[in-house]
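Colleague: If you scroll down you'll find the structure; I have some questions about it.
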There are 2 protein chains.
Amino acid sequence: MMPHTDPLTDTLALLRDSSDLRVWSVIITLMGDLTMTGTPDANAPGVSGQALGKIMSAIGIRPEATRVALHRLRKDGWIDSTRHGRRSVYRLSENGLGQTRSVADRIYGPARTAPDRWHLVALPPHTEDDGRFVALIAEGFSEVLPGVFLGEKAPQTIGDALHLSDSQMRLPDWVTQRLAPAKLRNDIAQLQIAISRLNQGTLPRLPVLDRTALRLVLLHEWRRIALRLPDLPVEALCPELQVRADLQSILTTLGPVQIDALTET
Amino acid sequence: MMPHTDPLTDTLALLRDSSDLRVWSVIITLMGDLTMTGTPDANAPGVSGQALGKIMSAIGIRPEATRVALHRLRKDGWIDSTRHGRRSVYRLSENGLGQTRSVADRIYGPARTAPDRWHLVALPPHTEDDGRFVALIAEGFSEVLPGVFLGEKAPQTIGDALHLSDSQMRLPDWVTQRLAPAKLRNDIAQLQIAISRLNQGTLPRLPVLDRTALRLVLLHEWRRIALRLPDLPVEALCPELQVRADLQSILTTLGPVQIDALTET
């Protein structure tokens, strides 16, 4: 068995292949985490450039890359920054906050359960793009065959579509694979392996910076996966796609990000 | 209003455009009719060349065409013939009898009712022809989109297909049109018009040959339509496809074919 001398290094190494550590996206993950796991009533909490740099360095991202990413995020309206003497403090903008909250359930929410009923909607062949495609996707439907959509709620606008609902439907393998393609399955498997190699007993004794960095790496990888999982709760039906509960257990063990502790040390 | 001086000529004229009076097929219609409406226990009743020629002539088919068709039908194993002195008598072969009986319900059966439940089966994309397509068609399913089938009975062999059943499904117009294409709809409309122009009160007073010929023309056109209607009872849901009841009423009024009366006159 592999010794767990440095869980952060191990985890980083294991996730590096599948993970896409785009720096700006990692910063959004971190700021979203501060927002979602911070004081419930608080607005986007600020994070100093100093604390941010420490965490990013701990996962192997150089200060220049962090600065470039912060510049880009500010320019794109994701974050605001304020200056306090020599310190810069960054927080999510109204826009960034809105986008973060709109997907929070998919990342932090509890495991989804299999639907009580399935709904299938088949559009007429050669349907001109009359908005129904987009409307069905927005209602949580997923396209499993050209023009054939599955969802777990009754569709709002059926029109002349063929619509069946069934409480007994079984999801065949090819539909699951269509909903969760090979790349996503592989990323989930990698994350499952990374989690399984961590020794939960020793995690709380890690230095606060390591704990924070490990939390960020795992959460970032999970966030990428969670946002690519379809609205249909396929993971409720596929053991090999289930990683949410284990991930949440690890995050609880690691505890929330302690920004103050980082800048004090 | 058009005078009904010669219902047979009127009907023939109206149906000529849509109808496909292939001579061999008309003979099968007649022999099937003799079999299905004759004595229940009798096997295929025979029909003399003389009687056959009279009926065919009455609907405008020349004796040479009838002889060629009889030759072809015998060669293809649809009919047998026996000689009695100078008379030839023709009857359906075992094979012809089997084929006639296998579709008798579609032609002579009562109107079908809308299904209590619908079943939708979607095959995986790019399904190799593994026999499921043919099996689903044989089970009465109809393909409404590539790889997507509708039926009124639970499929026997689902395998990894997506299967939903629903008692509430409404059949959209594009599915009906797919199941009953424009040509078929037009033929049904023509037959409906032909029937509506007949004066049922006067039909029983027609000469026996005219009655027989009219019965054959109407039945032949209906048979062509009935065999092209899908196994799904779309006509139960579409008033414009309903012609069976009116047709059966006319056939009852005209009475069964009286071969003996034809050869005696």
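The values are calculated or read from the model by the stated rules, or taken from the named source; none is laboratory data. These figures come from a predicted structure and were not determined experimentally. A quick note on method: Cβ atoms are made from the backbone with ideal geometry, for glycine too, and the neighbour counts reach across all protein chains shown.
Colleague: From the list B:T252, B:T265, which residue is at pLDDT 90 or above and loosely packed, with under 15 Cβ neighbours inside 10 Å?
Modeller: The match here is B:T252.
Colleague: Residue check: is B:D231 over 17 Å from B:A104 (Cβ atoms), among the charged types (D, E, K, R) and either assigned to a loop (DSSP other than H, G, I, E, B) or more than 17 Å from the chain's Cα centre (by Cα) (or both)? Full working, then the answer.
Modeller: Numbers: over 17 Å from B:A104 (Cβ atoms): no; among the charged types (D, E, K, R): yes; either assigned to a loop (DSSP other than H, G, I, E, B) or more than 17 Å from the chain's Cα centre (by Cα) (or both): yes.
No.
Colleague: When you go through (1) under 30 Å from B:R62 (Cβ atoms); (2) surrounded by 14 or more Cβ atoms within 10 Å (Cβ to Cβ) one by one for B:I193, which number turns out not to apply?
Modeller: (2)
Colleague: Within the stretch A:158-187, track down each residue that is part of a helix (DSSP H, G or I) and more than 27 Å from the chain's Cα centre (by Cα).
Modeller: none
Colleague: Filter the stretch B:56-110 for residues that are of a type in the set (V, I, T) and not in a loop (DSSP other than H, G, I, E, B); which is nearest to B:T9 (Cα to Cα)?
Modeller: Taking the stretch B:56-110 as the starting set, the residues that turn out to be of a type in the set (V, I, T) are B:59, B:61, B:66, B:68, B:79, B:82, B:89, B:100, B:103, B:107.
If we keep only those that are not in a loop (DSSP other than H, G, I, E, B) as well, we get B:66, B:68, B:79, B:82, B:89, B:100, B:107.
Numbers: B:T66: 20, B:V68: 24, B:I79: 29, B:T82: 33, B:V89: 28, B:T100: 28, B:I107: 24 Å.
Among them, the one singled out is B:T66.
Colleague: So A:P125 passes all but one of these: (1) assigned by TED's automatic domain parsing to the domain that holds A:R228; (2) out of contact with any Ser or Thr (no Cβ under 7 Å at 6 or more places or on another chain). Which condition number does it fail?
Modeller: It is condition (1) that A:P125 fails.
Colleague: Against the conditions (1) farther than 21 Å from A:P45 by Cβ; (2) of a type in the set (G, A, S); (3) surrounded by 16 or more Cβ atoms within 10 Å (Cβ to Cβ), where does A:A245 fall short? Just the number, please.
Modeller: Among (1) farther than 21 Å from A:P45 by Cβ; (2) of a type in the set (G, A, S); (3) surrounded by 16 or more Cβ atoms within 10 Å (Cβ to Cβ), A:A245 violates only (3).
Colleague: Which residue pairs have Cβ atoms closer than 9 Å, lie 6 or more positions apart in sequence or on different chains, and pair a first residue in the stretch B:240-265 that is free of Cβ contacts under 8 Å to residues at least 40 places away in the same chain with a second residue that is among the basic types (K, R)?
Modeller: Here the result reads B:L251/B:R215, each pair linking the stretch B:240-265 to a residue that is among the basic types (K, R).
Colleague: Does A:N199 satisfy the criteria of being part of a helix (DSSP H, G or I), of a type in the set (S, T, N, Q) and over 30 Å from A:A154 (Cβ atoms)? Break it down into steps so the answer makes sense when it comes.
Modeller: Working: part of a helix (DSSP H, G or I): no; of a type in the set (S, T, N, Q): yes; over 30 Å from A:A154 (Cβ atoms): yes.
For A:N199, the condition - part of a helix (DSSP H, G or I), of a type in the set (S, T, N, Q) and over 30 Å from A:A154 (Cβ atoms) - is not met.
Colleague: Restricting to the stretch B:155-183, and then to whatever is more than 11 Å from chain A (Cβ to nearest Cβ) and in contact with a strand residue (DSSP E or B) (Cβ under 6 Å, 6 or more places away or on another chain), can you tell me which residue is surrounded by the most Cβ atoms within 10 Å (Cβ to Cβ)? Full working, then the answer.
Modeller: The initial filter retains those residues of the stretch B:155-183 that are more than 11 Å from chain A (Cβ to nearest Cβ), namely B:155-157, B:179-183.
Filter once more, keeping what is in contact with a strand residue (DSSP E or B) (Cβ under 6 Å, 6 or more places away or on another chain): B:155, B:179.
Details: B:P155: 20, B:L179: 23.
Step by step, filter the stretch B:155-183, then rank; the result is B:L179.
Colleague: Find all pairs meeting these conditions: Cβ atoms under 7 angstrom apart; at least six residues apart or on different chains; first residue within the stretch B:66-78 and touching a residue at least 60 places away in the same chain (Cβ under 8 Å); second residue not in a helix (DSSP H, G or I).
Modeller: Filtered contacts from the stretch B:66-78: no entries.
Colleague: Test A:L73 against the stated conditions and say whether it is over 14 Å from A:V257 (Cβ atoms) and buried (at least 21 other Cβ atoms within 10 Å of the Cβ).
Modeller: Values: over 14 Å from A:V257 (Cβ atoms): yes; buried (at least 21 other Cβ atoms within 10 Å of the Cβ): yes.
Judged against the criteria, A:L73 is a match.
Colleague: Taking A:P233 as the residue in question, decide whether it is of a type outside the set (A, V, I, L, M) and either without any contact (Cβ under 8 Å) to a residue 40 or more places away in the chain or under 22 Å from A:D33 (Cα atoms) (or both).
Modeller: no
Colleague: Could you check A:H84 against (1) in contact with a helix residue (DSSP H, G or I) (Cβ under 9 Å, 6 or more places away or on another chain); (2) in the same structural domain as A:H220 (by TED's automatic domain parsing) and say which number it fails?
Modeller: (1)
Colleague: What are the residues in the stretch A:124-146 that are crowded, with 20+ Cβ neighbours inside 10 Å and facing another protein chain (nearest Cβ under 9 Å), if any?
Modeller: If we filter the stretch A:124-146 for residues that are crowded, with 20+ Cβ neighbours inside 10 Å, which is where we start, we get A:124, A:132, A:136, A:141, A:144-145.
Of everything in the stretch A:124-146, those that are crowded, with 20+ Cβ neighbours inside 10 Å and facing another protein chain (nearest Cβ under 9 Å) turn out to be A:P124, A:V144, A:L145.
This table checks each residue for (1) polar (S, T, N, Q); (2) over 30 Å from B:L30 (Cα atoms); (3) not assigned by TED's automatic domain parsing to the domain that holds B:P125.
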| residue | (1), (2), (3) |
| --- | --- |
| B:V148 | no, yes, no |
| B:K153 | no, yes, no |
| B:A189 | no, no, yes |
| B:A194 | no, no, yes |
| B:N199 | yes, no, yes |
| B:R205 | no, no, yes |
| B:R211 | no, no, yes |
| B:L218 | no, no, yes |
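Colleague: Provide a single number: the residues in the stretch A:174-204 that are more than 30 Å from B:D160 (Cβ to Cβ) and touching a Lys or Arg at 6+ places or on another chain (Cβ under 9 Å).
Modeller: Number satisfying all stated conditions: 2.
Colleague: If the requirement is being closer than 16 Å to A:V175 by Cβ, assigned to a loop (DSSP other than H, G, I, E, B) and not polar (S, T, N, Q), which of these qualifies: B:P155, B:P124, B:P115? Let's see the steps before the verdict.
Modeller: Working: B:P155 fails: closer than 16 Å to A:V175 by Cβ; B:P115 fails: closer than 16 Å to A:V175 by Cβ.
Exactly one of B:P155, B:P124, B:P115 is closer than 16 Å to A:V175 by Cβ, assigned to a loop (DSSP other than H, G, I, E, B) and not polar (S, T, N, Q), namely B:P124.
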